[in-house]
Every structure is written in structure tokens, then in C-alpha cells.
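The values are calculated or read from the model by the stated rules, or taken from the named source; none is laboratory data. It should be emphasised that the depicted structure is a prediction, and the values quoted were computed from it without experimental measurement. Note: ideal-geometry Cβ built from the backbone for every residue, glycine included; neighbour counts use all protein chains shown.
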Amino acid sequence: MFSRIKKEINAVFERDPAAKNTLEVLLCYPGLHAILFHRVAHALYKKNFFITARFISQISRFLTGIEIHPGAKIGEGLFIDHGSGVVIGETAEIGDNVTIYQGVTLGGTGKEKGKRHPTIGNNVVISTGAKVLGSFTVGDNVKIGAGSVVLKPVPSNCTVVGVPGKIVIRDGHKVGLTHVQDLRHDQMPDPVADMLSQMQGAVEKLESRLKEVEEECCKLKEHGEGAKENSGNI
């Protein structure tokens, strides 16, 4: 037990430069508190103490703002940064050394029974406000950009952004979009903004062409009127 707690604390120091000392981490990191509560609740859940496990998870939710269903399977080294608004569903599975930021949801997409939440691989980063919805697998070493909505499986070694989520980096190579900075949240590509920019460019081209056609029509009209005057004089 103490070995696992030590690993959870080390995960905080590894991924949060604001962490100063062990006492601060133990007292002031709700993400760590939620994980420790979950370890207890999950152990009870596996022994079929469902109500007790859910009650512990609700206490954790009240104290930390993080809701983790006791049925969720979580590996070692999970780091939930700040954590407010994080929701992890009953059949979700999370690998080792995963980082989750505030507002993330690992949820389902319907009322079906059985596996209905995502499986997250090892060394995954899920950024602020991202939603991963459905029973599919997100591979190892994946990065999901802030505000993304992921609805389909993601292979390993990819970066996903947008609504719906699209792969923009695979195995270190850019896919489709350019100027991708690897999970610098302020520099991540925005597929929606790119599409609007393309539409704006197309509209400007159409307006320019329409203006040219109008000018050509005016010239033809003037030429036609001039021809009529000349014929009348004759």
C-alpha cells in the first residue's frame, strides 16, 4: 500500500513543477486524494460491496470535485491535475503513467450494458475539457488536445485534436494539418477554425470573380448602347 502511495506521489512531482514537497502534495492535491479514495472503493467493489464502494466514491466526489466510478480500472502513476469536473465511468480502463487535466470525461454514449467506456493506454495525456466517449481503445503514447471530442479508436503514438477528434500527428509525422506544436495547448491546431478560414477564402474569391463579371457586363452594356447610337446616326 505504501509503495503504491509513493508511486502516486512521485507521479505528481514528475509532472507538476508547482509541487514543492511531499507534505504539500499529500494535503493539497485533490487528484491524489481522488485516486487514493478510488483504490479503497475499487477494492470493495471487486468484493461486491457495491453500495459501500459507491458511497466512498461520492464522498470523494464531494471533497475533490472528481467523480471516479469504483468499477473503473486504473493503473499506476495516474496524475489528475487540478481535476475539477473530471468524470471516469464504470467500465473505463486506464493504463500506467496517464495524465488527465480538469474537465475531462471518460464516458459512454448510450444505455447499453457491459463495456461502454473507453480503454486508455499507457503514457497518455488527455488535456483540459476533452471528452472520450464510447467503448473503444486509445493506444499508448497518445496526446488528446484541449476541448477535443474523441468518438473513435486512436492508434498508438498519435496526437488528436478537434470536434470530432482527428489525428494530426502519427508516429512523429504530421497528418493533414501543419504547424502542430506537440501539446502546447496554446499552439494546437484548430480544425474548425481552419475550415472557417478556408470558407472565408473561398467566399472572397467568389466575391472577386463576381465583381469582375459585373464589370464585364457593364462594359458589354456600354458597348451595346454605343453600337445602337451609331446605327441610329447612320
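When the residues of the stretch 103-120 are filtered to those that are touching a strand residue (DSSP E or B) at 6+ places or on another chain (Cβ under 8 Å) and surrounded by fewer than 23 Cβ atoms within 10 Å (Cβ to Cβ), which remaining residue is nearest to Gly75 (Cα to Cα)?
Thr119
Being under 15 Å from Gly77 (Cβ atoms) and touching a residue at least 40 places away in the same chain (Cβ under 8 Å) is the filter; apply it to the stretch 15-31 and report the residue that is surrounded by the most Cβ atoms within 10 Å (Cβ to Cβ).
Let us first name the residues in the stretch 15-31 that are under 15 Å from Gly77 (Cβ atoms), namely 15-16, 19, 25, 29, 31.
This time we only want the ones that are touching a residue at least 40 places away in the same chain (Cβ under 8 Å), so: 15-16, 31.
Details: Arg15: 14, Asp16: 16, Gly31: 27.
Among them, the one singled out is Gly31.
Count, please, the residues in the stretch 139-154 that happen to be of a type outside the set (Asp, Glu) and in a loop (DSSP other than H, G, I, E, B).
Residues meeting the conditions: 10.
Just name the residue that is surrounded by the fewest Cβ atoms within 10 Å (Cβ to Cβ) out of those in the stretch 63-95 that are of a type in the set (Ser, Thr, Tyr) and under 21 Å from Gly108 (Cα atoms).
Here the answer is Ser84.
Go through (1) hydroxyl-bearing (Ser, Thr, Tyr); (2) under 22 Å from Glu8 (Cβ atoms); (3) surrounded by fewer than 23 Cβ atoms within 10 Å (Cβ to Cβ) one by one and return the number of the condition Ser60 breaks.
That leaves (3) as the condition not met.
How many of the residues in the stretch 121-138 are surrounded by fewer than 19 Cβ atoms within 10 Å (Cβ to Cβ) and assigned to a loop (DSSP other than H, G, I, E, B)? Walk me through it before giving the result.
Taking the stretch 121-138 first, the residues surrounded by fewer than 19 Cβ atoms within 10 Å (Cβ to Cβ) are 122-123, 128-129, 134-137.
Keeping just the survivors that are assigned to a loop (DSSP other than H, G, I, E, B) gives 122-123, 128-129, 134-136.
Number satisfying all stated conditions: 7.
Could you tell me which numbered condition Ala11 fails, if it satisfies all but one of (1) in contact (Cβ under 8 Å) with a residue 40 or more places away in the chain; (2) surrounded by fewer than 16 Cβ atoms within 10 Å (Cβ to Cβ)?
Every condition holds for Ala11 apart from (2).
Checking the condition out of contact with any Gly (no Cβ under 6 Å at 6 or more places or on another chain) and of a type in the set (A, V, I, L, M, F, W, C), which residue from Val150, Val161, Val142 passes? Full working, then the answer.
Working: Val150 fails: out of contact with any Gly (no Cβ under 6 Å at 6 or more places or on another chain); Val161 fails: out of contact with any Gly (no Cβ under 6 Å at 6 or more places or on another chain).
Exactly one residue qualifies, and that residue is Val142.
Any residue at all in the stretch 159-182 that's of a type outside the set (A, V, I, L, M), at pLDDT 90 or above and either within 19 Å of Thr105 (Cα to Cα) or surrounded by 13 or more Cβ atoms within 10 Å (Cβ to Cβ) (or both)?
yes
Quick one: would you say Ile100 is aliphatic (A, V, I, L, M) and touching an Asp or Glu at 6+ places or on another chain (Cβ under 8 Å)?
yes
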